[in-house]
Amino acid sequence: MPRFPAGGVIALAVVVGSGSLVLFAVFLFLGPLGLIDLGLSPRDVLILDATLCLAFCVQHSLMVRKAFRGRFEAVVPPHYHGAAFTLASAIMLLGMVLLWQESPVVVVGLEGGSRWLVRAVFLAALPGFLWGARSSPEFDPFGVGPIKTRLRGREPRPWPFTVRGPYRWVRHPQYLFALVLVWAYPD
């Protein structure tokens, strides 16, 4: 089994993971960034954008499966799985944001007060997302906790079930607030 430089993996997971989240938040607030114009037809734009979403969802869901993690252990030690998941998810998210094509088809376009209200909902969801993260002391957004624990010569312990803050009302507050962020786009 290859050895991985722990400090490099930790730094890479934190930098790439946080960078992708910040870029995604900007994308959600401003809309498509238009950095790469592929010159696609309206139909092909919708197909590409749907494919990008599907690719992110499949990768995200596949890597948390027990069967995948079992096979992944043959290549990557278990304490690196969280960081590897972060890196794979961040790369997929960056690809989605950078390759996303703006569709000429507008289903809903809010104007005036409605537009400002939706923007306010977006801005209110950001601290909600952070509240959810801060409510769980074990929250490890970049998967580096197990690596740090191993570096200290200890074995990672299982996370306790948390029922405080937003966890009193919803099972996964980060997903809830992420969905609000996605849907709080006025066009």
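The values are calculated or read from the model by the stated rules, or taken from the named source; none is laboratory data. This one's a predicted model, so the numbers in the text were calculated from it and none came from an experiment. Cβ atoms come from the backbone with ideal geometry, glycine included; neighbour counts cover every protein chain shown. Accessible surface areas use protein heavy atoms only, side chains included; no ligands, DNA or RNA. Shrake-Rupley method; radii C 1.70, N 1.55, O 1.52, S 1.80 Å.
For this structure, a couple of remarks:
- Among the residues of segment 124-145, those identified as surrounded by fewer than 18 Cβ atoms within 10 Å (Cβ to Cβ) and of a type in the set (F, W, Y) are W131, F139.
- Positions within segment 178-187 being assigned to a loop (DSSP other than H, G, I, E, B) and open to solvent by 40 Å² or more (accessible area, probe 1.4 Å), in sequence order: Y185, D187
- Residues of segment 163-187 classified as closer than 30 Å to E102 by Cα, among the aromatic types (F, W, Y) and out of contact with any helix residue (DSSP H, G or I) (no Cβ under 6 Å at 6 or more places or on another chain), total: 3
- A67 vs. criteria under 25 Å from A178 (Cα atoms) and either more than 13 Å from the chain's Cα centre (by Cα) or of a type outside the set (K, R) (or both): no
- For segment 163-177, filtering for residues that are open to solvent by 80 Å² or more (accessible area, probe 1.4 Å) and in a helix (DSSP H, G or I) leaves 2.
- Within segment 95-104, being open to solvent by less than 50 Å² (accessible area, probe 1.4 Å) and either within 19 Å of V9 (Cβ to Cβ) or modelled with pLDDT under 95 (or both) holds for one residue alone: S103.
- Candidates P160, P156 - the one that is out of contact with any helix residue (DSSP H, G or I) (no Cβ under 9 Å at 6 or more places or on another chain), over 16 Å from G17 (Cα atoms), open to solvent by 40 Å² or more (accessible area, probe 1.4 Å) and not aromatic (F, W, Y): P160
- Scope segment 3-42; condition without any contact (Cβ under 8 Å) to a residue 24 or more places away in the chain and either farther than 16 Å from S89 by Cα or surrounded by 11 or more Cβ atoms within 10 Å (Cβ to Cβ) (or both); matching residues: R3, P5, G7, G8, A11, V15, V26, L30, G39, S41
- Boolean, V45 is farther than 30 Å from D187 by Cα, surrounded by 14 or more Cβ atoms within 10 Å (Cβ to Cβ) and among the β-branched types (V, I, T): no
- Residues of segment 59-81 satisfying the condition of being open to solvent by 70 Å² or more (accessible area, probe 1.4 Å) and within 16 Å of V9 (Cα to Cα): V75, P78
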